[in-house]
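Each value in this text was obtained by applying a stated rule to the coordinates, not by laboratory testing. As the structure is a prediction and not an experimental result, all values here were calculated from the model. So basically every Cβ, Gly included, is an ideal-geometry build from the backbone, and we count neighbours across all protein chains shown.
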Amino acid sequence: MTPVSYYMGLSAVLFAIGVAGVMLRRNIIVMFLSIELMLNAVNLAFIALGRRVGTMDGQVIVFFTMTVAAAEAAVGLALIIASFRNRETVNADELTTLRW
Amino acid sequence: MPIWLFVFLAALAVISGLGVILQRNPVHCVLALALVLIDMGVLFMGLGAVTVGFLQIIVYVGAIMVLFLFVIWLLNIQSEESAREGHLGLKFIGAVGAAALIAEFFAIFLNTPAAVRTHPLPADYGSIESLAHLLFSSYLIAFEATSILLLAAIVGAIALARRVQRTAGKIVNRTSSSISSTEKAA
Amino acid sequence: MTQNFPALGLILLFPALGVIFNLFWGNRAGRSAVNFVGPAVVFISFGLAVWAFFTLLQMPPGSALTFILWRWIQAGPFHVELGLRIDALSAVMILVVTGVGSFILLFSVGYMGHDEDYARYFTYMNLFVFSMLILVLADNLLEMFVGWEGVGLCSYLLIAFWYYNPQFAYNGRKAFIVNRIGDAGFVLGILTIVSALAAHNVWTLNFVQMQHHAGLLEPVAVLAGLLLFLGATGKSAQIPLYVWLPDAMVGPTPVSALIHAATMVTAGVYMVARLHFLYIFGPEAMEVVAAIGAVTAFFAATIAIVQADIKRVLAYSTISQIGYMMLGVGSGAFAAGIFHLMTHAFFKSLLFLCSGSIIHVLEGEQDMNKMGGLRHQMPITFATMLIAALAISAIPPFAGYFSKDLVLEGAYASGHVWLWIIGVITAGLTSFYMFRLIFMTFYGESRVDHEKVHHVHESPPVMTIPLIVLAVACILGGWVGLPDWLLWGDAFKRFLAPVFAFGMVTPGHVVLGGAAALPQATSITIGLIALGLGVLGIVIAWILYIQNPALPARIGESLHGIYSVLWHKYYIDELYNLFVTRPLFWLSAIVLSRTIDTGIIDGIVNGTGLVVEESGEGVRRGETGNVQHYAFVYLIGVLGVAAYYVYLVMR
């Protein structure tokens, strides 16, 4: 059996990859995907620890997280569509009207 | 789960994750993420969370990733022309920051005492019954609130994405699909 | 013994009523009403003063009449009452102030007859008499200071009476400010005295009580004496604070007569006399007083001999004569100094009023070079002015002779022979410049402007009657103080003796000149020397201005350097301007105003705003609108928090 810490390590690595994706990519869609990646990394940590402790709470939390992620993805993509109509771009550098 | 399976799945997840952030074509990114999510689902099942694992694949990959793909096709997003354009400083620092994050997490994990088993694993661990049992008892309020959240999300998404056209005195709801325009033509 | 005398309050009340009437109803009541009320209230005060004087005469020597108005300050053990006190010294003073003052106010009725601002004039004059009476009747040092300040204020108001002339307003300000410098010294002197007394738990500024505890003042006597004397140099126009008096002549001439001849300028002398018990404990301070008095007397006389403005000659003459008074009190001859104060009030105010009479007739002409030959057309003015000139030149039997003689005797007896010599030489200069004035004004060819010559006439009785009264005083006034071997001797000094008895009985601090009497032969010799020089001065003036009128011009040319220095008043005003006024202005305008106020303080205030503004500007640039930048900052924060957890875990 693999120890829990291995799962935690994997979770950490995936999370960091997600962070790097948010930082590095210009395309908003891809930034969004990176955020989803981060969410999933955390889900993995929850499940692993829940298994270790022996309760189902971890899975319940993951259940809710998934739901919320779905809702957030829907709304977020709607936002992107709406802004795309005005600006014709999904490049983060060009969506900076809220600057000084 | 046997360690060799874990290592394989872990490597697959990491490589796909890197693929998500490094691919130029956004469709490829989505597909890579879908692979990561399937990988996660298998890991969940391996950890005994069968229900959640299935849900992950059905909901996350089947619905959310497809939604992403639809949006990409709808907006006709092209690949980025060049992968590296300017902002080298920010990219470098971003990479460094991510690496630092990994290092800190490892430092924390390696030095904290391990979690202890407080409950023995029940026989139906990960079954849908036990999940439902918790949902409708301890987490009932969160469950109900989540349903409201979904309602809000639906309404929000429609309100944001509709196209508003002002004809004389009347606002007509139009979706942005091309079906209605062909209907109009016909 | 002291007796309560409520009428003292009335002496103060009537001039105050005059002020109120003239101030609020003067213009409405009309010229006649103001012309009556103004002088009348001072005459009433004079009558009351005479009554008080005779009451005092019938009491045993050393008595006093007192009246307390109310308790002014009560601060713990320290208390000051507003009290009035007439002893022999203040009796003399109030008689002089109200007596001479009432006649000067009567003269003003005629002099200001064409002026529109008559109500304001009499308001100020009444206010001045009121303040001067407070000064003289005060029974404590703080109340005296109130009167001191009040007369300074009225002096300013009256010098700058025709304030619409900027030069006159400037001269008024100059007088007030120079006075203020002296007042600073006065206040410091008061504080020194208070602190010295407080060290022994004595909390009073009452003159009688201070004299009672005079021994406690010994350690600070010199310092306090000098500080108070600084105030006196300002008020009494001695070196170094005399510069305001010649410029004060731009005010109406009766003002010069009352304030700058008879009363205010003598306040310093009165103060020294009143605080004689302090000065006796500080012989060095007294020597300074006497020395400054003598030097000022000589110095001012040298300037007076070349001035062309008739009032300026009289102004410098005033400075010079007050120097004599200071010489007297500084030598310990307190009674002699006060005596000269009294006679000076008579002849100097008479001189000023006569010059006012002339100026009034000549419609404002003050340059003696444009006068001459007036004695036939203005006989009363001529006669009275001649009497006054003889008085100031110390020609017996006129008043000035006896008082100046006693001052010089006191100076000689105190052992300060050099000061006596300076005093004697100055006597010669005094008679010279005074008769120069007489001869240039009344004798010789008429140099008056052609248009004015025909208007020259004698002044109306309202102006000539005061002249005559004062002339009589000049003739008779000196006879109350004769040398000891002559007739009834020095009745004046005997009258004042109880007041100054302190100086004569304190062991180890006996002051010569106050107590010791000179042998008769010395006294006669001194008198004759002074007399001789006085006559010599007259003779020289006769030669230069009657016999040989061209001579002064030739002397002036040959001694051009000296003449120029004298004519420019030793350039003292210019020196003060250069070394005092300009540096102060520079300090205020450049250092304090520009550098500190605008630069530093405003800079700090504005700078604070600027810092906020600039930092806000800088922070604003952080809002790039780029989501990734925001995420980056967020990442930094997360890294920080995680690092903290790492630290916790590692421990």
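Points to keep in mind about this one:
- For chain C, relative contact order (Cα pairs under 8 Å, six or more residues apart, normalised by length) works out to 11 percent.
- Inter-centroid distance (Cα atoms) of segment C:270-326 relative to segment C:147-189, Å: 19 Å
- Pairwise FRET efficiency - C:LEU17 versus C:ASP309, Cβ, R0 = 41 Å, nearest 0.05: 0.65
- Dimensions of segment C:369-475 along the principal axes, based on C-alpha atoms and rounded to the nearest Å, stand at 56, 28, 16, largest first.
- Under a model in which nothing but the beta-carbon of Lys, Arg (+1) and Asp, Glu (-1) is charged, the protein assembly as shown shows a dipole of about 1260 debye around its Cα centre.
- Label-point gap, in nm, between C:TYR634 and A:ASN91 - each point 7 angstrom along Cα→Cβ: 2.3 nm
- Tail fraction, Cα-Cα pairs, segment C:172-250, threshold 22 Å, whole percent: 34 percent
- Applying the criteria of a DSSP loop state and at most 16 other Cβ atoms within 10 Å to the trypsin sites (Lys or Arg not before Pro) of segment B:57-145 yields B:ARG84, B:ARG117.
- Taking 7 Å steps out from each Cα toward its Cβ at C:HIS212 and C:ARG180 produces label points 3.8 nm apart.
- Packing rank of B:31-42, C:98-109, where each peptide gets the mean count of other beta carbons within 10 Å, highest leading: C:98-109, B:31-42
- Kirkwood-type radius of segment A:41-100, with distances r between different C-alpha atoms, in Å: 14.1 Å
- With the charge dipole of the protein assembly as shown set up from +1 on Lys and Arg Cβ and -1 on Asp and Glu Cβ about the Cα centre, the Cα lying farthest toward the positive end among the listed residues C:PHE334, C:HIS454, C:VAL92 is that of C:HIS454.
- Chain C: proportion of alpha-carbon pairs further apart than 42 angstrom, %: 30 percent
- Tilt relative to chain C, helix C:379-392 - C-alpha long axis, 0 to 90 degrees, to 10: 80 degrees
- Cα-based Rg / Dmax (Å) for segment B:14-111: 16.7, 48
- Acute angle (nearest 10 degrees) that the helix C:7-29 long axis makes with the longest principal axis of chain C, alpha-carbon atoms: 70 degrees
- The fewest-to-most ranking of A:MET31, C:MET434 by surrounding Cβ atoms within 10 Å reads A:MET31, C:MET434.
- Alpha-carbon centroids, segment B:1-79 and segment C:580-651: separation in whole Å: 49 Å
- Charges were assigned to the Cβ only: +1 to each Lys and Arg, -1 to each Asp and Glu. The resulting dipole of segment B:91-171 about its Cα centre is roughly 760 debye.
- The alpha carbon centroids of segment C:32-55 and segment C:233-257 are separated by 26 Å.
- Evaluated with a Cβ-only charge set (Lys, Arg +1; Asp, Glu -1), segment C:29-177 carries a dipole of roughly 120 debye about its Cα centre, given to the nearest 20.
- Entry note, chain C: the mean residue ellipticity at 222 nm calculated from DSSP H runs of n ≥ 4, each adding -39500 (n - 2.57), is -22000 deg cm²/dmol after division by the residues and rounding to the nearest 500.
- GluC sites (Glu not before Pro), loop per DSSP, at most 13 other Cβ atoms within 10 Å - longest free stretch of chain C: C:117-362
- Gain on full stretching of the segment that runs from C:ALA199 to C:GLU445 - 0.36 nm per residue minus C-alpha separation: 81.7 nm
- Dipole-positive endmost among C:SER63, C:ALA301, C:LEU610 within chain C (Cβ charges, Cα centre): C:SER63
- Globularity ratio of the protein assembly as shown, using Cα Rg and 2.2 N^0.38 Å: 1.81
- With all pairs of different C-alpha atoms in the average, the Kirkwood value for the hydrodynamic radius of segment C:562-651 is 19.8 Å.
- Legend: distances between Cα atoms for C:LYS404/C:LYS569; C:LYS348/C:LYS404; C:LYS311/C:LYS493; C:LYS235/C:LYS370; pairs beyond 22 Å are C:LYS404/C:LYS569; C:LYS311/C:LYS493; C:LYS235/C:LYS370.
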